[in-house]
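Asker: Just passing along the structure, written as structure tokens.
The values are calculated or read from the model by the stated rules, or taken from the named source; none is laboratory data. If you're wondering where the values come from, they're calculated on a predicted model, not measured in any experiment. Here the Cβ is made from the backbone with ideal geometry for all residues, glycine too, and neighbour counts use every protein chain on show.
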Amino acid sequence: MRFLGRLLLLVVCFSPLLSQAQDSSKTAVKEVWDNYIARLSKGVGSVNYNASIKEKAPNPRLPFLVITGVTLKSNDGRNLPDADELNYLYVMSDTVFGTIKKHTKMSAYVGSLAYNKERYDYFYVSDTLFLKDRLEETYHNNYKYYKSHIKVKRDEEWNGYFTFLYPSAEVLEFKQNHEIITKLLQAGDNLDKPRSVNHFFSFKEITDREYFEKVIEAQQFKIVTKMFNRDDLEYPFRLCVSREDRVDEDTMNGITVQLRKLATRNGGRYDFWQTQVTK
């Protein structure tokens with residue numbers, strides 16, 4: 001059984017999800033889920049994560065992490081489950097979560113990973129007495145033709161969620177790029193056609209912004225506007241720059257990663273980009 005460390009991420013797609021979930025209090029709560037495909041050391045992995053739980057994490061009442069899943073029986077060509085088995089695995093996850101809720105005082109389902117012919121679900125729970133035994137029984141009674149895996153460990157800081165399942169700043173940036181580009185495509189945009197693209201930044205100090213202007217102009221960007229936002233006490237000094245570029249995902253991901261790093265090094269923050277539909 002292999003439990004991975006930090007993901008080596010190269011996001012290639014996203015798919016936002018909405019779901020209804022319950023904790024052991026039996027109160028139904030609407031949760032927002034999202035997913036992404038990541039390139040890992042032995043191929044691609046499909047990560048689902050509970051995005052709405054981030055604001056409440058870490059929950060001190062849920063100090064234990066349960067990672068449990070099975071070895072796959074199908075293969076979609078990427079060592080991930082095919083569509084039929086994935087639907088079956090969703091049912092399996094519901095069954096496993098039911099067992100966890102039944103045998104713990106409190107629990108939360110925070111994500112899943114399919115990777116290298118295996119799929120794992122991630123849960124945080126309040127207590128673990130006999131939980132591993134109950135999970136083994138669940139797999140034996142309902143899914144005995146699958147090879148199951150169970151790991152339980154203390155994780156009070158929720159590192160399993162924050163440093164593994166929840167996407168990094170770079171991944172979230174790629175997600176934002178993907179959403180913008182999807183809207184451009186829906187409007188009939190020719191992504192390969194260069195056009196003026198505006199990029200927006202915020203800085204803590206005016207001197208940071210002034211130095212960054214010199215750095216960014218050396219990258220063939222033009223200064224469009226400079227603003228002051230009195231409502232933002234931390235990053236009040238705004239800057240908009242532009243340059244002609246294609247807006248396909250590979251191009252924009254490379255540009256925004258570079259701009260984010262440049263802004264961070266110079267006391268600033270990269271916010272977002274925008275452009276007009278070009279056909």
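Asker: Pick out the one residue from L62, L86, L80 that is outside any loop (DSSP other than H, G, I, E, B), at pLDDT 95 or above and surrounded by 15 or more Cβ atoms within 10 Å (Cβ to Cβ). It would help to see each step written out before you state the result.
Answerer: Details: L62 fails: outside any loop (DSSP other than H, G, I, E, B); L80 fails: outside any loop (DSSP other than H, G, I, E, B).
Being outside any loop (DSSP other than H, G, I, E, B), at pLDDT 95 or above and surrounded by 15 or more Cβ atoms within 10 Å (Cβ to Cβ) holds for just one of L62, L86, L80, which is L86.
Asker: Restricting to segment 144-173, name every residue that is among the β-branched types (V, I, T), assigned to a helix (DSSP H, G or I) and surrounded by 15 or more Cβ atoms within 10 Å (Cβ to Cβ). Steps first, please.
Answerer: The initial filter retains those residues of segment 144-173 that are among the β-branched types (V, I, T), namely 150, 152, 163, 171.
Remaining after also requiring assigned to a helix (DSSP H, G or I): 163, 171.
Result: V171, single match.
Asker: Counting just the residues of segment 199-227 that are farther than 22 Å from Q276 by Cα and of a type in the set (K, R), which one comes out nearest to the chain's Cα centre (by Cα)?
Answerer: K204
Asker: Does segment 44-54 include one or more residues that are in a strand (DSSP E or B), surrounded by 20 or more Cβ atoms within 10 Å (Cβ to Cβ), at pLDDT 95 or above and over 12 Å from the mean Cα position of the chain (by Cα)?
Answerer: No.
Asker: Among what's in segment 84-141 and is of a type in the set (S, T, Y) and in contact with a Gly (Cβ under 7 Å, 6 or more places away or on another chain), pick the residue that is nearest to V152 (Cα to Cα). Break it down stepwise before answering.
Answerer: Initially, segment 84-141 is screened for residues of a type in the set (S, T, Y), giving 88, 90, 93, 95, 99, 104, 107, 109, 112, 115, 120, 122, 124, 126, 128, 138-139.
Checking which are in contact with a Gly (Cβ under 7 Å, 6 or more places away or on another chain) leaves us with 115, 120, 122.
On the way: Y115: 19, Y120: 13, Y122: 10 Å.
Here the residue is Y122.
Asker: Let me ask another. Looking at segment 89-130, which of its residues are assigned to a loop (DSSP other than H, G, I, E, B), closer than 25 Å to I53 by Cα and charged (D, E, K, R)? Talk me through it step by step, then tell me what you get.
Answerer: Step one: of segment 89-130, the residues assigned to a loop (DSSP other than H, G, I, E, B) are 103-106, 116-117, 126-130.
Within this subset, residues satisfying the condition of being closer than 25 Å to I53 by Cα are 103-106, 126-129.
Selection gives K105, D127.
Asker: Which of the numbered conditions does A263 fail, given that it passes all the others? Conditions: (1) surrounded by fewer than 17 Cβ atoms within 10 Å (Cβ to Cβ); (2) under 23 Å from the mean Cα position of the chain (by Cα).
Answerer: Going through the list (1) surrounded by fewer than 17 Cβ atoms within 10 Å (Cβ to Cβ); (2) under 23 Å from the mean Cα position of the chain (by Cα), A263 breaks only (1).
Asker: List the number of the failed condition for K147; all other conditions in (1) under 30 Å from V257 (Cβ atoms); (2) in contact (Cβ under 8 Å) with a residue 40 or more places away in the chain hold.
Answerer: (1)
For every residue, the table says whether it meets (1) in contact (Cβ under 8 Å) with a residue 40 or more places away in the chain; (2) surrounded by fewer than 13 Cβ atoms within 10 Å (Cβ to Cβ); (3) in the same structural domain as R265 (by TED's automatic domain parsing).
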site	(1), (2), (3)
E210	no, no, yes
E217	no, yes, yes
Q220	no, yes, yes
I223	no, yes, yes
R230	no, yes, yes
R243	yes, no, yes
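To keep it simple, each residue is scored yes or no on (1) in the same structural domain as Y139 (by TED's automatic domain parsing); (2) out of contact with any helix residue (DSSP H, G or I) (no Cβ under 8 Å at 6 or more places or on another chain); (3) not hydroxyl-bearing (S, T, Y).
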position	(1), (2), (3)
N79	yes, yes, yes
N87	yes, yes, yes
V91	yes, yes, yes
D94	yes, yes, yes
K102	yes, no, yes
S107	yes, no, no
Y115	yes, yes, no
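Asker: Mind checking which pairs have a first residue in segment 254-279 that is on the phi > 0 side of the Ramachandran plot and assigned to a helix (DSSP H, G or I) and a second that is surrounded by 13 or more Cβ atoms within 10 Å (Cβ to Cβ) and among the aliphatic types (A, V, I, L, M), Cβ under 6 Å, 6 or more apart or different chains?
Answerer: If the second residue must be surrounded by 13 or more Cβ atoms within 10 Å (Cβ to Cβ) and among the aliphatic types (A, V, I, L, M), no pairs are left.
Asker: Let me spell it out: the conditions are (1) in contact with a Pro (Cβ under 9 Å, 6 or more places away or on another chain); (2) surrounded by 15 or more Cβ atoms within 10 Å (Cβ to Cβ); (3) outside any helix (DSSP H, G or I); (4) not hydroxyl-bearing (S, T, Y), and F200 meets all of them except one. Which number is the exception?
Answerer: Condition (1) is where F200 drops out.
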